[in-house]
Amino acid sequence: MSRPLRLGALSTALLLAVLAAGCGSGGGRPDTSAHQKLHWSSCPAPSSSQDAAATKAPGGQWECATLHAPLDYRKPHGRAIGIAMIRAKATDQRHRIGSLIFNFGGPGGSGVATLPALANSYKQLRTRYDLVSFDPRGVGRSSGVHCLGDRQLDAFYAADSTPDDKAEVNSQLRRVRTYAAACEKNSGTILPYVGTTNAARDMDLMRRVLGDKKMHYFG
């Protein structure tokens with residue numbers, strides 16, 4: 001079994017994989033509309049796929065849920081994927097403004113793991129906003145990208161990533177191509193739909209499902 005894609009993988013490998021991968025379809029069809037209901041519950045501890053230093057689950061003020069989004073927004077009734085979300089409700093509900101959606105970037109960073117870890121920095125914002133974040137598609141607990149197996153991935157990260165001569169350059173290129181081929185083989189159906197454009201569409205779907213007329217965004 002391959003390990004989920006971690007923050008820090010060479011972007012060159014993913015670019016090669018995206019260019020090579022084909023589009024996929026099929027799978028289940030949960031509600032991917034703005035009328036779907038999020039089922040919030042207590043959050044588990046961060047997983048290794050979220051690159052989190054924390055080992056404990058977030059405190060009781062945090063809730064987690066899964067948003068169902070179209071894999072391909074051109075086919076809204078086709079295959080759906082899950083987007084992992086987390087939130088802490090505003091402490092002053094009487095004067096609540098709405099949801100503030102955090103995207104910590106990377107690319108490839110887990111918002112579900114990062115937001116609770118940095119929550120003390122945003123205590124004042126939480127007074128009137130529900131603090132919300134997510135694992136972008138392909139990351140962490142969202143429908144993820146899988147490439148190499150554990151041992152292969154460890155070797156990939158341990159290899160010299162700053163080649164000094166032609167032989168080392170060729171060696172690195174072989175590693176990157178192997179990585180990209182593994183991404184295409186194991187995640188070819190989702191790779192064409194991972195990127196900034198669909199992340200923005202996912203956030204707009206979150207906004208609507210959360211009930212906000214206007215998106216409040218922190219990135």
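The values are calculated or read from the model by the stated rules, or taken from the named source; none is laboratory data. Quick caveat: nothing in here was measured; it's all calculated off a predicted structure. Counting neighbours? That spans all protein chains shown, and the Cβs are built from the backbone with ideal geometry, glycine included. Calculation scope for accessible area: heavy atoms of the full protein, side chains included, ligands and nucleic acids excluded. Shrake-Rupley method; radii C 1.70, N 1.55, O 1.52, S 1.80 Å.
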Descending semi-axes in whole angstrom, ellipsoid equivalent of the range 52-119, from the Cα gyration tensor: 25, 18, 11
Share of carbon and sulfur in the accessible heavy-atom surface of the range 127-219 [1.4 Å probe, %]: 49 percent
Calculated P(r) of the range 165-218 - Cα pairs past 18 Å, %: 59 percent
Summed side-chain charge close to D160 - residues other than D160 whose Cβ falls under 10 Å, Lys, Arg +1, Asp, Glu -1: -1
